[in-house]
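The values are calculated or read from the model by the stated rules, or taken from the named source; none is laboratory data. Only a predicted model underlies this, so the values are computations on that prediction, with no experimental measurement involved. As a convention, Cβ positions derive from the backbone with ideal geometry for all residues, glycine included, and neighbour counts pool all protein chains shown.
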């Protein structure tokens, strides 16, 4: 049996990621760092796009889910795994990816706990609940001595490489894309378009919203794990409201519910952050102005052109 | 027992401030059906206006009249700011989806916060000490020590609530406000100028937030550009707790949140005090999504 085209593409992209990763030693360290950051942003933005873009819900807690994944996988690789296995080569190639998945799973579990009560209600409530959830996670992490509390968690092995980052990004985009193009996945867009109508058509809207939320928070957790093993250091204040907003801006800039637009926006904004680094104080001013002006003039996103034969909204 | 009474008063004092902010959220939600995220920053601006006014006037010693002047000034400036935000950011989006307005509101909130944090355009990121507003005295009731400042907050709040009640229930504008929140289309059909009433609602809500800002700064005398976020969020929770769109509900919710938070602070869980409000929010959404005093609306197609 010949695998479908999209799966061939997935495998090809993974191979390319591995190939580039093999030569990553020759790339300028600063550029590599920016590229890795951009890749993690793609994971975050694509997963949030499933919730905020395609399903039409509004989550402001993506940084919170990222924190859950980051701390989980960091704890697994730094304390649990060496205790069980000792220092082996296995750590980088087996334990690290497993810890990423574990972080994602725990994050997804938290996603169910947060999503189930709030997703029964209309849009704005979810925004507030997820915002509050992000704050709760931060407070809990700051008070948890086992993970370093407010001082942060140090000494995390830096396993994250181009292969893992772009591999995860590819898998994320692939999963979100194929989920939405499946028979089941059409329901997400239906919920976004008109919740009442899709309920009348017999779709279980709450079920769809929670599914989107769970898949989204799973990948946010994976991104958190990648981030932890990239920086080697975690601090609860790094997962604040500002971080969530950053991801939201990526999704909005790329056009909510556009795969490629959001990827471009994720890369673009990560690069923009680097450019604006020297204007540190003005970065958030630029961000917020960007957000307001976009909403007033192009609420459909920068990279959205109406397709032929399809009515744009 | 003494400690209990002391905490009770602290809680009511804090809760009154939450109530003042929550009223703004609830009123705006009543007429426009969206959460005005920038409201918490209007609250922050309120306390800065108070700070500037106190610096400028250089009172020899805090007097009751001076305090009231500062409070009124902060309310006026915040009312103007509220109307300005509404005209510039929300009015062009009048018939767009809720999500668009919500994102804009978050943008406005971030913009105000970051401008305020900026050294050049704003107040700078460092906290500032808030000078005493009213003449303060310690009162002794048996074992119980009360400061007049703590009593001032609920008293001023009650006064403002009485004025608000009068505006909403006894004036033509207030009647128009209630009509608008009941049914916007029908209100405009009977000749109510919706845009004017919406602006008025923003002015009213923002002035209450301004008063809340000054009172908050009086009790917790250190102000910084990010001070609005947490009280703002908790006040929003208070509005949902009381039933969003419901004025007495917002006041009740505010006081309840303030009490719960103060009593939690007194226990071993004190480091989690910021998380409590959100736990309440999630519980409310689970068990009584319409809030304590609200009525659940069924969406008709």
Qualifying residue in the stretch A:16-39 (condition: closer than 23 Å to residue A:216 by Cα, under 11 Å from the mean Cα position of the chain (by Cα) and more than 14 Å from every other protein chain (Cβ to nearest Cβ)): yes
Scan of the stretch A:41-71 for residues that are surrounded by fewer than 24 Cβ atoms within 10 Å (Cβ to Cβ) and in a helix (DSSP H, G or I), ordered by number: A:54
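Go through the stretch A:112-128 residue by residue and tally those that are assigned to a loop (DSSP other than H, G, I, E, B) and more than 9 Å from chain B (Cβ to nearest Cβ). Even if it seems obvious, please write down each step before you answer.
Applying the first criterion (assigned to a loop (DSSP other than H, G, I, E, B)) to the stretch A:112-128 yields A:119-122.
From what is left, the residues that are more than 9 Å from chain B (Cβ to nearest Cβ) are A:119.
So the answer is 1.
Just checking, which of B:243, B:212, B:254 is surrounded by 19 or more Cβ atoms within 10 Å (Cβ to Cβ), in contact (Cβ under 8 Å) with a residue 60 or more places away in the chain and either within 14 Å of chain A (Cβ to nearest Cβ) or under 24 Å from residue A:118 (Cβ atoms) (or both)?
Numbers: B:243 fails: in contact (Cβ under 8 Å) with a residue 60 or more places away in the chain; B:212 fails: either within 14 Å of chain A (Cβ to nearest Cβ) or under 24 Å from residue A:118 (Cβ atoms) (or both).
Within the list B:243, B:212, B:254, the selection yields B:254.
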Selection count where residues are within 22 Å of residue A:257 (Cα to Cα) and either more than 7 Å from chain B (Cβ to nearest Cβ) or in contact (Cβ under 8 Å) with a residue 12 or more places away in the chain (or both), scope the stretch A:276-294: 5
So residue A:132, is it closer than 20 Å to residue A:191 by Cβ and out of contact with any strand residue (DSSP E or B) (no Cβ under 6 Å at 6 or more places or on another chain): no
Positions within the stretch A:135-150 being over 10 Å from residue B:275 (Cβ atoms) and either within 7 Å of chain B (Cβ to nearest Cβ) or modelled with pLDDT of 85 or more (or both), in sequence order: A:141, A:142
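Which residues, counting only those in the stretch A:146-189, are part of a helix (DSSP H, G or I) and in contact with a strand residue (DSSP E or B) (Cβ under 7 Å, 6 or more places away or on another chain)?
Step one: list which residues in the stretch A:146-189 are part of a helix (DSSP H, G or I), which gives A:146-147, A:149-151, A:162-180, A:186-189.
Scanning the stretch A:146-189 gives a single hit, A:147.
Residues are listed down the side, and each one gets a yes or a no for (1) more than 18 Å from residue A:47 (Cβ to Cβ); (2) under 15 Å from the mean Cα position of the chain (by Cα):
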residue	(1), (2)
A:184	no, no
A:205	yes, no
A:226	no, yes
A:235	yes, no
A:250	no, yes
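Need at least 1 residues that are buried (at least 23 other Cβ atoms within 10 Å of the Cβ) per element, so show me which helices (runs of 4 or more DSSP H) inside the stretch A:194-267 make the cut, counting only ones lying wholly within it.
Working: elements: A:195-200, A:205-231, A:241-254.
Ranges flagged: A:205-231, A:241-254.
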Criterion: in a helix (DSSP H, G or I) and surrounded by 16 or more Cβ atoms within 10 Å (Cβ to Cβ) - qualifying residue of A:109, A:98, A:131: A:131
Residue that is nearest to residue B:7 (Cα to Cα), among those in the stretch B:119-143 that are surrounded by fewer than 18 Cβ atoms within 10 Å (Cβ to Cβ), within 14 Å of another protein chain (Cβ to nearest Cβ) and at pLDDT 85 or above: B:126
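Listed residues B:84, B:99, B:73; which is assigned to a helix (DSSP H, G or I) and either away from chain A (no Cβ under 14 Å) or buried (at least 22 other Cβ atoms within 10 Å of the Cβ) (or both)? Before the answer, list the steps.
Working: B:84 fails: either away from chain A (no Cβ under 14 Å) or buried (at least 22 other Cβ atoms within 10 Å of the Cβ) (or both); B:99 fails: either away from chain A (no Cβ under 14 Å) or buried (at least 22 other Cβ atoms within 10 Å of the Cβ) (or both).
None of the other options fit; the residue is B:73.
Quick one: would you say residue A:270 is assigned to a helix (DSSP H, G or I) and either over 22 Å from the mean Cα position of the chain (by Cα) or at pLDDT 85 or above (or both)? First the steps, then the outcome.
Values: assigned to a helix (DSSP H, G or I): yes; either over 22 Å from the mean Cα position of the chain (by Cα) or at pLDDT 85 or above (or both): yes.
Here the answer is yes, as residue A:270 does meet what is asked.
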